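Some notes on the structure that comes next.
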Amino acid sequence: MVTMDYIDKSVDKFPLNAEEYSEKNGVMKIYLPDGHLEDSGGRDIWSYTNLPYPTKNDNEMIVFEKKQISNAGYQNEVEKIVIVMRRPQNIPCTLKKYGIGISGSDFTADRLEIPVINGHTGDDEYFEEELSDKGITLLRRVGFRPVDLMFAFMNDSNVKNYEDIREFSQYLKNNNQKLSIATEFPYLTEISLEKLSKIYDKNSYEIETTDGKTEPFVRAGDTTGVMDVVETGKSMENNGLYPVLPAVIESSPLLMVNTSTYNNFIYTIDEINYRVGEGMNKMKNEHPEYFEKKFQKELFE
């Protein structure tokens, strides 16, 4: 029998950062998005919290010590705040475990498998309840840079609505081919094909999960369509794509917190939430364009 008696248990050979930065040691973690949620208002709104927003120069992580927390105007509740910049699609699953963070409602619904496809996650009480069931509390709909999550196909495919998708899928099946969709949102794609296009045979289509830059997949003929985030629609028009309306989801950023984390640091988190709200109000007055929908429907009429 193999024993472990030779290990010196007094020596911490493999120190764990997870232990050092755990909530039981009074450490609160904040996850902030990079990319388009960082730009066009995100970093500006966050500045009202008096907490830093990491950059590449910070190696995408900042440890805020207790004195700095106090100087930023927060109560003496937290020993440290670890602020991490992370891709928005990875934040929702982290919040199931711990922490507070910001991510889009599109990535949140997809990564947490919340079947909201009515286009209005921001107003849907069901969405809030689903988050709660997964141990996450929705603090605030931050609302800047709203976008649409849409299916799109090449103009010459004549796919303009959800019924056309079903007919196109059947046409491909009759010709020994499959409907194929490139997307960063595999779960929402699957349930949308079922709920909106009434395609129930999962063997009749393929979903190719991407890390972004989705539109070239269909242009190059690698897939027959895409489901992608659309802001103005100009990029789709330039690529010869036609978006299917209405959108699967209208998405904007959400400020969320793990419910256990909220209970551990309620005063600090309430203050962060309040300051984010103050930042939103200021930015709405100074830059209302950050909160306006920019989709140009007339491009496709």
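Full-extension gain between E237 and K173, please, as 0.36 nm times their residue separation minus the C-alpha to C-alpha distance. Before the final figure, lay out the partial values.
Details: separation 64, 0.36 × 64 = 23.04 nm, distance 2.76 nm.
Additional length available on full extension: 20.3 nm.
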TODO: Report Rg(Cα)/(2.2 N^0.38 Å) for the range 147-250, keeping two decimals.
DONE: 0.95
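Average projected area of the Cα convex hull of the range 60-140, in nm²? Mind showing how you got there, number by number?
On the way: hull surface 24.6 nm².
In nm², the orientation-averaged hull projection of the range 60-140 is 6.2.
Calculate, for N158 and D58, the FRET efficiency according to 1/(1 + (r/R0)^6) with r their C-beta to C-beta distance and R0 45 Å; round to the nearest 0.05. Intermediate values should be presented prior to the final figure.
Details: r = 49 Å, r/R0 = 1.10.
Step by step, r from the Cβ atoms, then E = 0.35.
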- [ ] With semi-axes √(5λ) of the Cα gyration tensor in Å defined as stated, name the option among (1) 39, 25, 16; (2) 50, 27, 17; (3) 83, 18, 16 computed from the structure displayed.
- [x] (1)
Task: Length gained when the stretch I266-Y126 is fully extended (0.36 nm per residue, less Cα-Cα span) - done: 48.0 nm
- [ ] Place a label point 7 angstrom from the Cα of Q75 along the Cα-to-Cβ direction, then list the residues of the range 262-295 whose backbone nitrogen is under 11 Å away.
- [x] 265-271
- [ ] At 7 Å along the Cα-to-beta-carbon direction for both R140 and T259, put a label point, then send me their distance in nm to one decimal.
- [x] 2.2
TODO: Would you mind computing Rg(Cα) / (2.2 N^0.38 Å) for the range 104-202, counting N as its residues?
DONE: 1.24
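Since every read-out is calculated from the coordinates, none of them should be taken as a lab result. Small disclaimer: the values here were computed from a predicted structure and weren't measured. Neighbour counts run over all protein chains shown; Cβ positions are idealised from the backbone, glycine included.
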